[in-house]
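Encoded as structure tokens, the structure appears first; notes follow it.
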Amino acid sequence: MALIKKGEYSLRTLLLTYVASLTVLSVISSLLILYLFTLGYRFGLVIPANQVESDLHAVRNDIETSKVFNPDILPEGTSYVFLTREFKLKKSNMPVNLQEESLLNYQFKNAHGGKYGYFQSFERSDGIVIVNYQLSPRYRNEWLNQHFPNANLMMIGSMMMSVLLIFVVLTLFYANKLRQQLRPILKATEKIAEQDLDFQTSQSTIKEFNQVLSGLDHMRLALRESLMENWKAEQDKQNQISALTHDLKTPLTVARGNAELLAMTPLDEEQTDLLEHFQKGIEQVDSYVQELSKLNKTSLKKALTLGEVEVKDFVEDIYDQTLSLAQTKQIKVICAKKEIENEIMGNWDRPLLNRAFMNIVSNGVEYTPSGSQLTLSTKIESDEFKFICLDSGPGFSLESLEKATQLFYQEDKSRQNRNHSGLGLTIANDIVRLHHGSLTLSNDNTRGGAKVTIILPL
């Protein structure tokens with residue numbers, strides 16, 4: 001689906017707009033603050049830094065020619081020291097250290113006193129007046145002078161605060177704008193994550209976001225098509241299972257009936273034993289068919305019925321069943337098992353695991369030529385039970401090693417002369433995985449036969 005385009009802009013344009021807005025508004029706010037302080041100077045609310053020097057110049061004549069020195073005529077923000085011609089103190093409102101600095105400044109004709117500020121001296125007939133002052137703007141209101149920074153610092157601080165405020169407000173504004181533009185993308189990803197693929201992709205006004213939305217829309221359509229194909233394939237598998245279970249019922253009924261008829265005839269001990277194995281096999285196949293009929297709904301994802309299983313007894317049971325299967329083809333069964341202690345137990349679903357192991361063994365018997373051998377080996381390693389089934393057949397092809405556990409897989413070119421449904425390894429693999437174990441396929445390097453390894457935790 002093609003997205004309908006309207007007026008778009010790129011992320012670069014948005015970023016440049018943000019930077020330009022921040023710059024312009026910062027300059028405007030700084031100029032406005034500067035203008036407000038200029039009005040303060042104009043209307044006398046703020047006294048300029050050089051105002052003290054102008055006031056001192058205005059009263060210089062009075063300071064030098066008055067009969068009696070009057071400190072009250074000095075401008076606000078100044079301090080003084082009145083000395084005799086012999087530099088004896090007559091009157092002062094300065095601290096002692098500032099008095100000493102004033103005298104040094106007068107003697108060495110230094111108009112700048114460094115950290116002490118500035119000095120001016122006035123020659124009188126009865127002595128010398130030295131005035132100290134600072135060149136910094138001041139507020140007309142003395143309370144403001146005491147509780148606020150000087151006007152220059154106040155102006156700079158106000159500019160910095162205004163720029164910071166503009167930065168925060170603009171950042172929040174553009175972040176919210178980006179969030180709104182990202183909303184269609186977030187909504188689309190949420191829908192796809194929920195596998196709700198029947199929705200209309202919205203659009204953004206940002207070019208790059210629309211490109212992402214377009215990609216998401218293509219992905220949505222592809223994913224929808226893929227899910228539909230998977231659903232159809234799953235339906236086909238379920239239909240095959242239904243057909244297979246239905247077709248199995250007829251030969252199974254015939255086999256059960258013949259076994260029952262055979263049981264009514266006189267049999268010797270060996271024939272009776274073989275018949276028991278035959279009837280036991282029919283019962284197992286019947287239970288498999290019942291399980292297979294449930295595969296349409298559960299795909300073996302049923303809850304396990306776990307219980308304590310004696311590993312040694314389980315292995316002996318698998319071995320006995322293998323011997324019964326192998327007799328039909330005169331196959332020699334070699335059980336390379338290490339002695340398993342009686343107290344070793346597994347928390348397993350025994351019927352399901354028996355089914356899995358016998359599926360593996362049945363495959364091994366099927367592909368082992370008559371008169372050859374089938375090797376079963378079992379051992380306990382690090383709290384794990386390991387089972388290996390090695391046949392004498394042609395082994396797995398490369399394709400089989402990848403796909404043999406897939407449902408209904410029958411494309412094994414090296415073993416294609418056999419008729420089978422492709423369910424055996426799939427069911428065995430699912431059962432082993434339900435027990436948190438692993439099933440791996442390989443070929444024996446020496447004999448070339450197919451090797452199936454099952455590992456189960458104890």
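Placing unit charges on C-beta atoms (Lys and Arg positive, Asp and Glu negative, everything else neutral), compute the dipole magnitude of the chain about its Cα centre in debye, rounded to 20.
Working: 48 positive and 54 negative charges, 587 e Å.
With Lys and Arg at +1 and Asp and Glu at -1, about 2820 debye.
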>> If every alpha-carbon in the stretch 66-135 counts as one equal scatterer, what log10 I(q)/I(0) does Debye give at q = 0.11, 0.16, 0.18 1/Å?
In response: -0.22, -0.48, -0.61
> Using 0.36 nm per residue, how much length does the chain from residue 142 to residue 386 gain when fully extended, once their Cα-Cα distance is taken away?
Replying inline: 78.5 nm
>> For residue 443, what residues show an amide H to amide H distance below 5 Å, using hydrogens built from the backbone and excluding near sequence neighbours?
In response: 451
> In this model, which of 332/379; 232/280; 232/329 are farther than 32 Å apart at the alpha-carbon?
Replying inline: 232/280; 232/329
> Once the Cα atoms of helix 350-367 and of the chain are each reduced to a long axis, what angle between those two axes, in degrees from 0 to 90 to the nearest 10, is obtained?
Replying inline: 60 degrees
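Ranking 129, 163 by Cβ neighbours within 10 Å, fewest first, what do you get?
Values: 129 23, 163 17.
Fewest-to-most ranking of 129, 163: 163, 129.
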> Cα axis of helix 311-327 to longest principal axis of the chain: angle in degrees, 0 to 90, nearest 10?
Replying inline: 50 degrees
> residue 337's amide H: which non-local residues (gap 5+, or another chain) put their own amide H closer than 5 Å, with H modeled 1.01 Å from N in plane and none for Pro or chain starts?
Replying inline: 378
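Could you tell me the relative contact order of the chain? Use alpha-carbon pairs under 8 Å, at least six residues apart, and round to a whole percent. All intermediate terms of the calculation are to be shown ahead of the outcome.
Details: 570 pairs, mean separation 47.1, N = 458.
Value for the chain: 10 percent.
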> Listing 198, 320 from the residue with the fewest other Cβ atoms within 10 Å to the one with the most, what is the order?
Replying inline: 198, 320
>> Counting only helical runs of four or more DSSP H residues, what would the 222 nm mean residue ellipticity of the chain come to if each run contributes -39,500 (n - 2.57) and the total is spread over all its residues?
In response: -19000 deg cm²/dmol
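Say R0 is 51 Å: what FRET efficiency, to the nearest 0.05, do residue 100 and residue 167 get from their beta-carbon distance? Before the final figure, lay out each step's value.
On the way: r = 49 Å, r/R0 = 0.95.
FRET efficiency, residue 100 to residue 167: 0.55.
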>> Checking the cross-link filter: which aspartates and glutamates have an alpha carbon closer than 17 Å to that of residue 237, excluding same-chain neighbours under 8 positions apart?
In response: 229, 247, 291, 411, 430
>> Less than 17 Å apart at the alpha-carbon level, and either on another chain or at least 8 residues along: which aspartates and glutamates does that give for residue 191?
In response: 217, 225
>> Between residue 447 and residue 276, how high is the FRET efficiency from 1/(1 + (r/R0)^6) when r is the Cβ-Cβ distance and R₀ = 41 Å? Nearest 0.05.
In response: 0.80
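Once you have the Cα-Cα distance between residue 174 and residue 61, take 0.36 nm times their residue separation minus that, and quote the gain in nm to one decimal. All intermediate terms of the calculation are to be shown ahead of the outcome.
Details: separation 113, 0.36 × 113 = 40.68 nm, distance 6.35 nm.
Between residue 174 and residue 61, full extension yields an extra 34.3 nm.
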>> How big is the chain along each principal axis, measuring the range of its Cα positions in Å and listing the largest first?
In response: 159, 60, 38
>> Using the Cα centre of the chain as origin and beta-carbon charges of +1 (Lys, Arg) and -1 (Asp, Glu), tell me which of 322, 370, 25 is placed farthest towards the positive end of the dipole.
In response: 25
> Which one of 204, 181, 134 has its Cα pushed farthest toward the positive end of the charge dipole of the stretch 134-214, where Lys and Arg give +1 and Asp and Glu give -1 at the Cβ?
Replying inline: 134
> Using the 10 angstrom Cβ neighbour count as an exposure proxy, how do 19, 309, 285 rank, fewest first?
Replying inline: 19, 285, 309
> Going by alpha carbons, how many degrees (0 to 90, nearest 10) lie between the helix axis of 207-263 and the longest principal axis of the chain?
Replying inline: 20 degrees
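Where a number appears in this text, it was derived from the coordinates with a stated rule and is not lab data. Note that the coordinates shown come from a computational prediction; the quantities given were computed from them, not determined experimentally. When we count neighbours, we look across all protein chains shown, and the Cβ atoms used for this are built from the backbone with ideal geometry, even at glycine.
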